[in-house]
Amino acid sequence: MGKDKNPRRVADNEAMAKLKMLRTSPQKLNLVAQLIRGKKVDKALTDLTFSNKRIAIDVKKCLQSAIANAENNHNLDVDELVVAEAYVGKNMTLKRGRPRARGRFGKIMKPFSELTILVREVRAEEQA
């Protein structure tokens, strides 16, 4: 009498990693996510390592997590992995403020965002 096994959210040749509560705006995070979309994972890791953006360190950690999930949980070949999708979403926003001239109040918004990376195993013969 147990519960049924949860169905997989991704295909058999895919693995996913998600990173929440990243302290940057989704717009800035999307610039870094755009850098790795559609690339092979070794090239994407190299690009993130040498990127000047501060958030690239966290994106690299998320990509390494997706690679580890593919290798350990789904038995996929690391050399054949490609970043299939990398998408960004909004999360909460801290609302802060600062007194301004003539009794006004200046709003300071501190946005958070989340990142989802999906890696897919693409065989060399399938690409050709």
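The values are calculated or read from the model by the stated rules, or taken from the named source; none is laboratory data. As the structure is a prediction and not an experimental result, all values here were calculated from the model. Positions of Cβ are backbone-derived with ideal geometry, glycine not excepted, and every protein chain shown enters the neighbour counts.
So here's what we get for this one:
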item: Residues being out of contact with any strand residue (DSSP E or B) (no Cβ under 9 Å at 6 or more places or on another chain) and buried (at least 16 other Cβ atoms within 10 Å of the Cβ) - total across the range 68-113; result: 0
item: Of all residues in the range 21-55 being among the small types (Gly, Ala, Ser) and either out of contact with any helix residue (DSSP H, G or I) (no Cβ under 6 Å at 6 or more places or on another chain) or on the phi > 0 side of the Ramachandran plot (or both), the one that is surrounded by the most Cβ atoms within 10 Å (Cβ to Cβ); result: Ala33
item: Hits in the range 56-67 - residues which are of a type outside the set (S, T, N, Q) and either buried (at least 16 other Cβ atoms within 10 Å of the Cβ) or in contact with a strand residue (DSSP E or B) (Cβ under 8 Å, 6 or more places away or on another chain) (or both); result: Ala56, Asp58, Val59, Lys60, Lys61, Cys62, Leu63, Ala66, Ile67
item: Hits in the range 104-128 (condition: among the charged types (D, E, K, R), within 28 Å of Ile67 (Cβ to Cβ) and modelled with pLDDT of 95 or more); result: Glu114, Arg120, Glu121
item: Sole residue being in contact with a strand residue (DSSP E or B) (Cβ under 9 Å, 6 or more places away or on another chain) and at pLDDT below 95, chosen from Arg23, Arg9; result: Arg9
item: Residue in the range 9-20 that is assigned to a helix (DSSP H, G or I), in contact with a helix residue (DSSP H, G or I) (Cβ under 8 Å, 6 or more places away or on another chain) and over 30 Å from Glu125 (Cα atoms) present; result: no
item: Matching residues, the range 36-53, being assigned to a helix (DSSP H, G or I) and charged (D, E, K, R); result: Asp42, Lys43, Asp47
